[in-house]
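Peer 1: I'd like to ask some things about the structure below.
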Amino acid sequence: MRQPDRDALVVPMQDGGDRLSGRMLGEELRAHRERRGYKLADAARVIRGSTSKISRMEHGQSPIKYRDLNDLALFYGVSREERALLDQLHHQTGNEDLFLRFADVTPNYLKRLIRLERLAEWITVYESRVVPGLLQTEEYARALTRIIELDRPENEIELIVGLRKQRQLMLGHRRPNFVALIWEKVLYQPFGPAGMMAEQMRFLRAAHATRNVSVWILPDWYIAPPTSVYHMTYEDGQSQELAYSEHADGANYITSKHQLDRLRKLLTNLRANVYKGQDNADALEQAVVHWEGLAAEQPG
């Protein structure tokens, strides 16, 4: 079987594409293993399985669990571009539901959110501390996860980052419409090297130009509420809505009319105070220029 072109764009497949994607994914894993000089037994030990299981996976005869894919990718030391291809092929196989792929690092409250956000007509997020999760780049998400999840081993951190990347795939489609309201100070809060931050700012700038995605910046002089809001509405109308609030020990789903009214008013007030038009584009561009300038000054 011809090896897939790593420079080509991986596009969704129809009519048996899930089986073809499974074969391509297995072939990619086999190529990575052989390129690094590993035997079937070496790979089998990594996933705590048998050599026959690895062989079936590489020939597309056995579905590949995301945890196994993650562990093998780390073991093989694949590049960022190679990992993106592996993740896309796995997504196209459709052999696992999203939260099942990441069951080991997905608490029940987040599983509920994953189900609900797929069905939403509108998602509006407000953040005053970090870039919203659905708009985080891989490196930014990894840096934040390492700060927050201090006791997690590296393979689980990669699973958490992988889950965030998979959730992002819903953006840019007909549904949901996604609106992010971000306090300007967030754009200048470093969570890693300047190059990483520049990449994150470029991602936000590009996201704002994406279909059904809007990124609005609240000026740094605005007195931003020290909270986060994740608000979802559904096709049935305003009566079908809920909000999600995460905290250290779990999360709350807000459905009471009184609390939802308060959150809706908060979001309305926040929207009224964001930069408008070109000023908003300029705020995003200035953040890009700031971090790119710092990155250029750093050695290496």
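Peer 1: Name, by its number, the condition in (1) open to solvent by less than 70 Å² (accessible area, probe 1.4 Å); (2) over 22 Å from residue 156 (Cβ atoms) that does not hold for residue 42.
Peer 2: The one condition residue 42 does not meet is (2).
Peer 1: So is residue 197 in contact with a Pro (Cβ under 7 Å, 6 or more places away or on another chain) and modelled with pLDDT of 95 or more or not?
Peer 2: Spelling it out, residue 197 is indeed in contact with a Pro (Cβ under 7 Å, 6 or more places away or on another chain) and modelled with pLDDT of 95 or more.
Peer 1: Just one of the numbered conditions (1) among the small types (Gly, Ala, Ser); (2) modelled with pLDDT of 95 or more; (3) under 20 Å from residue 113 (Cβ atoms) is not true of residue 245; which one?
Peer 2: Unmet for residue 245, out of (1) among the small types (Gly, Ala, Ser); (2) modelled with pLDDT of 95 or more; (3) under 20 Å from residue 113 (Cβ atoms): (2).
Peer 1: Just to be sure before I move on: is residue 212 at positive phi and in contact (Cβ under 8 Å) with a residue 40 or more places away in the chain in the structure I sent? Step through it out loud before you land on a result.
Peer 2: Working: at positive phi: yes; in contact (Cβ under 8 Å) with a residue 40 or more places away in the chain: yes.
Spelling it out, residue 212 is indeed at positive phi and in contact (Cβ under 8 Å) with a residue 40 or more places away in the chain.
Peer 1: Only helices (runs of 4 or more DSSP H) wholly contained in segment 60-134 count here; list those with 2 or more residues that are at pLDDT below 80 and either at positive phi or of a type in the set (Lys, Arg) (or both).
Peer 2: 108-119
Peer 1: Return the pairs, sorted by first residue and then second, in which the second residue is not in a helix (DSSP H, G or I), the first residue lies in segment 29-57 and is over 18 Å from residue 89 (Cα atoms), the beta carbons are less than 7 Å apart, and the residues are 6+ apart or on different chains.
Peer 2: Here the result reads 44/50; 53/62, each pair linking segment 29-57 to a residue that is not in a helix (DSSP H, G or I).
Peer 1: Let me ask you something else. Please determine, by comparing only the residues of segment 249-278 that are of a type in the set (A, V, I, L, M, F, W, C) and farther than 14 Å from residue 227 by Cα, which one is most open to solvent (accessible area, probe 1.4 Å).
Peer 2: Selected residue: 272.
Peer 1: Right, here's the next one. So which strands (runs of 3 or more DSSP E) are wholly in segment 208-298 and hold at least 2 residues that are small (Gly, Ala, Ser) and under 24 Å from residue 110 (Cα atoms)?
Peer 2: Answer list for segment 208-298: 237-247, 250-254.
Matching residues to (1) surrounded by fewer than 17 Cβ atoms within 10 Å (Cβ to Cβ); (2) farther than 22 Å from residue 297 by Cα:
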site: 156; (1), (2): no, yes
site: 162; (1), (2): no, yes
site: 174; (1), (2): yes, yes
site: 188; (1), (2): yes, no
site: 193; (1), (2): yes, no
site: 204; (1), (2): no, yes
site: 212; (1), (2): yes, yes
site: 215; (1), (2): no, yes
site: 223; (1), (2): yes, yes
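Peer 1: So if I check each of 262, 205, which one is among the basic types (Lys, Arg) and modelled with pLDDT of 95 or more?
Peer 2: Criteria check complete, one pass: 205.
The values are calculated or read from the model by the stated rules, or taken from the named source; none is laboratory data. Computed from a predicted model, the values in this text were never measured in an experiment. Neighbour counts are summed over all protein chains in view; Cβ atoms, including those assigned to glycine, are modelled from backbone coordinates with ideal geometry. We work out accessible area using only protein heavy atoms, side chains counted, and drop any ligands, DNA or RNA first. Shrake-Rupley method; radii C 1.70, N 1.55, O 1.52, S 1.80 Å.
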